[in-house]
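**Q** Next up is a structure, given as structure tokens.
The values are calculated or read from the model by the stated rules, or taken from the named source; none is laboratory data. Just so it is clear, the model here is predicted, and its values are computed rather than measured. Backbone-built Cβ (ideal geometry, glycine too); neighbour counts: all protein chains shown. Ligands, DNA and RNA are stripped out before the accessible areas are found, and what is left, the full protein with its side chains, is counted by its heavy atoms. Shrake-Rupley method; radii C 1.70, N 1.55, O 1.52, S 1.80 Å.
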Amino acid sequence: MDTGGNSLPSGADGVKRKVSYFYDPEVGNYYYGQGHPMKPHRIRMTHALLAHYGLLQNMQVYKPCLARDRDLCRFHADDYVNFLRSITPETQQDQLRQLKRFNVGEDCPVFDGLYSFCQTYAGGSVGGAVKLNHGLCDIAINWAGGLHHAKKCEASGFCYVNDIVLAILELLKTHQRVLYVDIDIHHGDGVEEAFYTSDRVMTVSFHKFGDYFPGTGDIRDIGYSKGKYYSLNVPLDDGIDDESYHYLFKPIMGKVMEVFKPGAVVLQCGADSLSGDRLGCFNLSIKGHAECVKFMRSFNVPLLLLGGGGYTIRNVARCWCYETGVALGTEVDDQLPQHEYYEYFGPDYTLHVAPSNMENKNSRQLLEDIRNNLLENLSKLQHAPSVQFQERPPDTDLPEADEDQDDANERWDPDSDMEVDEKRPIPTRVKREAVEHTRKDSVCFKL
């Protein structure tokens, strides 16, 4: 493994970037159930593309450490976390009241290894935040994360644990202000709700609005109390294309960066905003989607890239592979390399796919009105808020890497916010959806 992880200079912002990438080889084995659109296998497909394009050798590759109960309880309610830890497909019929209470059932089913899945994807996002806090990388990536709908006390929209909120809380230990940007087609309601009254976290969500899940994200929802004007919602209609999207994204995010001056940025890269998504209705190309990543990267602020939605899984893998290249500053060839999931990408076997000819229902007048409205709201933030730290949580220390140490999984730091849990791990039985592809150069840090 190349522990340098420096990327090549690129474009006008050609500064070398050090990228940390989190991936657990088991993540693709979790299975929501037959017919369910959420397929963790897409993470494994993404990883396979990264491996065969040779991008992994330009990053620090880490296997995330499992988030413990107490890590999850920094945001989630104790009884909800206890429920997630104890529920199994065999016992769910005995806990119907609890299932209803915590909104677990159809969209958010109980499946084998559910709690381990939550611990894994949350551990990757918090681990990325820790790396950024310690200045050990410029960009951290966890494509298994970005599950933005989960609430403090309930599951929602295929999301059980809100890894984004947990990662932001970690970043707030070091940074006075953190910016959250969401380009998933669905409103980032769980993250907005968590920080709705805070002036230390600004949330900006670009999403389909109007008779569409989760139903929130009106342009008039701007935050409350100290958080007033620190929530921005960009409501969009069907068929938005690259040009229309960037007409809003670039001036709005440019102004946000100027006014809010975040110490770190979290970008949720939900790929259901791509053209042709199984559940989506936007018309973005992969390059158009990735242009948002490139734009946020250009500010040279510590950046956490997360996954999210995305239900045409071959396009999800294409998108996140290309965006990893953008993070590194590496141009990726359009012709896909031969690899174990090559047949998913027929008949053209290319990285990029053409958007459709669907109608763009976002008129120029509508876009102008949205842009003017949001820029006016941003003008009401005169300057970045000053923050006094009180009872600041201790920094999470990282041990030095020792890849020759056989018991790497046993290393931990007694002062860490992510250490070895005293509880016995729950044995997990995971349905295998496809053959596992494991990289031997993944290492596990106890963060």
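**Q** Once R0 is set to 41 Å, what does the formula 1/(1 + (r/R0)^6) return for the Cβ-Cβ distance between Asn373 and Leu279, expressed as a FRET efficiency to the nearest 0.05?
**A** After rounding, the FRET efficiency stands at 0.90.
**Q** Can you give the FRET efficiency to the nearest 0.05 for His352 and Gln57, using r as the Cβ-Cβ distance and R₀ = 30 Å?
**A** 0.85
**Q** Which whole-number percent is the relative contact order of region 19-380 (Cα, under 8 Å, 6+ apart)?
**A** Relative contact order here is 18 percent.
**Q** Based on alpha-carbon positions alone, could you give the equivalent ellipsoid semi-axes of region 19-380 from the gyration tensor, as √(5λ), descending, whole Å?
**A** Taking √(5λ) for each Cα gyration eigenvalue gives 27, 25, 21 Å.
**Q** Keeping all protein chains in place, calculate the accessible area per residue for region 104-214 (probe 1.4 angstrom), answer in Å².
**A** It amounts to 21 Å² per residue over region 104-214.
**Q** Turning to a different aspect of this structure: I want the local charge near Glu192. Using Cβ-Cβ distances under 10 Å, sum +1 for each Lys or Arg and -1 for each Asp or Glu among the other residues.
**A** Charge balance near Glu192 sits at -4.
**Q** What spacing in nm lies between the two simple spin-label points modelled at Thr330 and Arg101, each 7 Å away from Cα in the Cβ direction?
**A** Here the answer is 4.8 nm between the modelled labels.
**Q** What list of ³J(HN,Hα) couplings, whole Hz, do you get for region 227-232 from phi and the Karplus terms 6.51, -1.76, 1.60, once you set θ to phi - 60° and write x for glycine and proline?
**A** x, 4, 6, 9, 10, 10
**Q** For region 96-228, what does the alpha-carbon gyration tensor say about shape, rounded, prolate or oblate, given a ≥ b ≥ c as the root eigenvalues, a/c under 1.5 as rounded, and a/b over b/c as prolate?
**A** Oblate.
**Q** Got a number for the accessible area of Glu193? Probe 1.4 Å, square angstrom, nearest 10.
**A** 110
**Q** Could I ask something else about it? Per the 1.4 Å probe, what fraction of the accessible area of region 177-312, in percent, lies on carbon and sulfur atoms?
**A** So the carbon and sulfur contribution to the accessible surface is 48 percent.
**Q** Count charges around Tyr349 for me, please; just the other residues with Cβ under 13 Å from its Cβ, Lys/Arg as +1, Asp/Glu as -1.
**A** Here the charged neighbours net out to -2.
**Q** Is region 286-382 rounded, prolate or oblate when judged by the Cα gyration tensor, a ≥ b ≥ c being the square roots of its eigenvalues, rounded requiring a/c under 1.5 and prolate requiring a/b larger than b/c?
**A** oblate
**Q** Let me ask something else. Fully extended, how many nm does the chain gain between Lys294 and His339 (0.36 nm per residue separation, minus their Cα-Cα distance)?
**A** Fully extending the segment from Lys294 to His339 adds 13.5 nm.
**Q** Assuming a ≥ b ≥ c are the square roots of the Cα gyration tensor eigenvalues, decide whether region 83-145 counts as rounded (a/c under 1.5), prolate (otherwise, with a/b larger than b/c) or oblate.
**A** Because a/c hits 1.5 or more and a/b exceeds b/c, region 83-145 counts as prolate.
**Q** Let me ask you something else. Report the local net charge at Ser363: Lys and Arg +1, Asp and Glu -1, summed over other residues whose C-beta lies under 10 Å from its C-beta.
**A** With Lys, Arg at +1 and Asp, Glu at -1, the neighbours total -1.
**Q** Just report the Cα centroid separation between region 159-183 and region 67-133, whole Å.
**A** Centre-to-centre distance over Cα atoms comes out at 18 Å.
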